[in-house]
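Asker: A single structure is presented below for examination.
The values are calculated or read from the model by the stated rules, or taken from the named source; none is laboratory data. Treat the numbers as computed from the prediction; the structure is a model and nothing was measured. Cβ: placed from backbone, ideal geometry, glycine included. Neighbour counts: every protein chain shown.
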Amino acid sequence: MASTSRPNSPLKRLLTELQTYQSDPNDALEELGPVDDNEMTHWRAVMKGVPGTAYEGGCWLLDVQIPSTYPQKPPTVKFVTPICHPNVDFKTGEICLDLLKTSWSPAYTITATMTSIHQLLTSAEPDSPLNVDIAQLFRQGDYVGAEALIRYYTETERYVGRRRY
Amino acid sequence: MNSFDVPDSTDWSRTALPLFEPLEASLRCEVCKEFYVNPVITTSCSHTFCSICIRRCLSTDGRCPACKTNVSTHQLLPNIAVRDLVKHFEEARPKALDLARREHNADQPNNKRKLDESDIEQNDLGSRTRLRRTRTRIIADGLQRDPIEVPDSEGEDDGAYVPDHLPEGVVRCPICQTPMKEEQVFSHLEDCPSEVSQSAGNGRQTRSTTNNASSRSTQRRQNEPSPTPTRLPQLNYHLLKDVALKKKLQELGIPTWGKSQLLIRRHTEWLHLWNSNCDSENPRPKKQLLQDLENWERTSGGRAASTESKIMQKDFNGQMHASVHKDQFSALIESARKKREAVEQDQTQGEAHSTTGEDSAEQQSELQSKPYEGNNEALATIREKVAAVNRSGSTLASLEAGATSPTTLARTATSSHLNPFGSPSKIVPMFEMPAEPVVDAESSTTFQ
């Protein structure tokens, strides 16, 4: 056993992660897995909103690109379904989260990353905004307006690809 | 279960032994999620990883993946206890998992019937059935702590150990286990037939394995008289010129082709492979390490598909390429000319179309630089957008009138107007219906 070689490719680890997810699903997600069975480095996730917040009842599709150097380098995660959030670009879906950039650690998994993004929904950082409009509302203390706007988009921009409620 | 089967700690969750899940999880590396291979402990923060995993992490990041403490490679020490734990757990795993699953399946369907039966059993039947029942229950949920009577049935197994009680003055040969008089041992050791050691009645499992291992290791040492490998030092690549670096690689016996960047990466990978091999119980021969390096070369090194493919090679024969693909080139030129004519026509139409200041200027400048040359679809979407902007004034007004809190919405509207992007697509998504903004976002990013 001590003499087995360890492949450098992320595929084995992704397979393990997928298996772990299937037997132990993530509460924040509706689904998670590769887009296509032949392409293990491109995943999709469907995230659920946080009950009791303005994102309640929401449903977003996310695109996960996994680099060949994973897990040394973080995956690239984007919102495909538009989301109104100070740290997410409304048009491109780019997410501003330190975990996805500087403070990535190889010990994280795709599921753990998704959990962090889910937590970002409730703990926004309006001081490093990608969506200036909503961040401005937060900074000026207009929480009623911000919540109304978020609720509006959570309602209208809903991912309804596979399942409708 | 699943279409693919990767061993994983969650295998235990739906068996009779769910508590084995955290046990197995703690025997797996945080980085690769596999069982530890040559585990090493970081002496600065006491986390354990596979040797190769932590070395790769440290050369990209320099910090512990679990706690982000700064760690350097000389702070890694082999974690022998974990190595043995993993080794023995892996040996025991298949059978234990199989048993746990079978136990679970046996319990599951006729759970109720068993319970009913047991009520009667406890009163009526003898101790034998009760014993069996308690045992299954204990296995089924590790939390239950009934007093267990250990059945003393395995008497036959104990018999195997009986030969240890040898008559006084008689001992076993430490290698082949043959009983003999104490004085004879040393002369016997001289020509002990250790290779054919196992006598049939020999029952001591532990002794025979150590016996095997030692004979194997002596064999190995005889086959390849290489000294135990020593760890290679890290190089400061900034201080080395290409030639010196190549020489270093040559000394190590690894390929020296490629640019300096590739040489550095190859050397780093070789250090990972080599040094993690030094943490191993039975270090592998260099030939196998070179094989691993070759694999690395194919997956992420110089022969990986993505790198260097975008740059034209030095010895690329341009004329040859041109003559081979001449037909395709001329066809492309032809179609480009046709499209260009179409674009020029469209442009005149587009200019007539544009009415408002900023947006039309943007459109015009884009058209003049001709980024959409020959792309009728792109032009069509642009024209749609312009039309949408022309209409957007009325959309805004109607929405503001219908909104419950006009002040907040009005503010958003203005702030979105002030957006540095200033493009129509930025305004439209705020108040138009779904799907539209996504299309806009994509098309605008693609064509800018």
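Asker: So is A:Y55 closer than 30 Å to B:Q291 by Cα and either at the interface with another protein chain (Cβ under 9 Å from one of its Cβ atoms) or part of a loop (DSSP other than H, G, I, E, B) (or both) or not?
Answerer: Answer is no for this residue.
Asker: Something else about it: Anything in the range A:1-38 that is more than 14 Å from chain B (Cβ to nearest Cβ) and modelled with pLDDT under 85? List them, or say none.
Answerer: Of the residues in the range A:1-38, the ones more than 14 Å from chain B (Cβ to nearest Cβ) are A:27-32, A:35-36.
Result: A:D36, single match.
Asker: Determine if the range A:80-98 includes at least one residue that is within 8 Å of another protein chain (Cβ to nearest Cβ) and either surrounded by fewer than 20 Cβ atoms within 10 Å (Cβ to Cβ) or under 30 Å from B:H47 (Cβ atoms) (or both).
Answerer: yes
Asker: B:S59 versus (1) assigned to a loop (DSSP other than H, G, I, E, B); (2) of a type in the set (G, A, S); (3) farther than 14 Å from B:L77 by Cβ: which is the lone unmet condition?
Answerer: (1)
Asker: Something else now. Output the residues belonging to the range B:31-41 that are surrounded by 23 or more Cβ atoms within 10 Å (Cβ to Cβ) and either farther than 20 Å from B:W270 by Cβ or more than 12 Å from chain A (Cβ to nearest Cβ) (or both).
Answerer: Listed by number, the residues that qualify are B:K33, B:Y36, B:P39, B:V40.
Asker: Okay, moving on. Go through the range A:68-79 and give me each residue that's more than 10 Å from every other protein chain (Cβ to nearest Cβ) and at pLDDT below 90.
Answerer: Hit for the range A:68-79 is A:Y70, nothing else.
Asker: Still on this structure, please answer the following. Pick from the range B:281-300 the residues that are assigned to a helix (DSSP H, G or I) and acidic (D, E): which of them is nearest to the other protein chains (Cβ to nearest Cβ)?
Answerer: B:D292
Asker: When only residues in the range B:268-288 that are without any contact (Cβ under 8 Å) to a residue 40 or more places away in the chain and under 23 Å from the mean Cα position of the chain (by Cα) count, which is surrounded by the fewest Cβ atoms within 10 Å (Cβ to Cβ)?
Answerer: Per the criteria, the residue is B:Q288.
Asker: Given the structure, is B:E91 within 12 Å of another protein chain (Cβ to nearest Cβ), touching a Pro at 6+ places or on another chain (Cβ under 7 Å) and either free of Cβ contacts under 8 Å to residues at least 60 places away in the same chain or closer than 27 Å to B:I264 by Cα (or both)?
Answerer: In short, no.
Asker: Between B:D11, B:D5, which is outside any strand (DSSP E or B), at pLDDT below 90, under 21 Å from the mean Cα position of the chain (by Cα) and surrounded by 21 or more Cβ atoms within 10 Å (Cβ to Cβ)? Reasoning before the result, please.
Answerer: Numbers: B:D5 fails: surrounded by 21 or more Cβ atoms within 10 Å (Cβ to Cβ).
None of the others qualify; the one that does is B:D11.
Asker: For the range B:327-380, how many residues meet the condition of being at pLDDT below 85 and basic (K, R)?
Answerer: 1
Asker: Please state which of the following conditions A:A148 fails to meet, knowing it meets all the rest: (1) crowded, with 20+ Cβ neighbours inside 10 Å; (2) within 10 Å of chain B (Cβ to nearest Cβ).
Answerer: Result: A:A148 passes all but (1).
Asker: Given the structure, is A:T154 out of contact with any helix residue (DSSP H, G or I) (no Cβ under 7 Å at 6 or more places or on another chain) and either surrounded by 20 or more Cβ atoms within 10 Å (Cβ to Cβ) or assigned to a helix (DSSP H, G or I) (or both)?
Answerer: Here the answer is yes, as A:T154 does meet what is asked.
Asker: So in the range B:59-82, with the set limited to residues that are surrounded by fewer than 22 Cβ atoms within 10 Å (Cβ to Cβ) and among the aliphatic types (A, V, I, L, M), which one is nearest to the other protein chains (Cβ to nearest Cβ)?
Answerer: Among those that are surrounded by fewer than 22 Cβ atoms within 10 Å (Cβ to Cβ) and among the aliphatic types (A, V, I, L, M), it is B:A66.
Asker: Which condition from (1) buried (at least 17 other Cβ atoms within 10 Å of the Cβ); (2) within 24 Å of the chain's Cα centre (by Cα) is the one that B:I254 breaks?
Answerer: Looking at each condition in turn, B:I254 falls short on (2).
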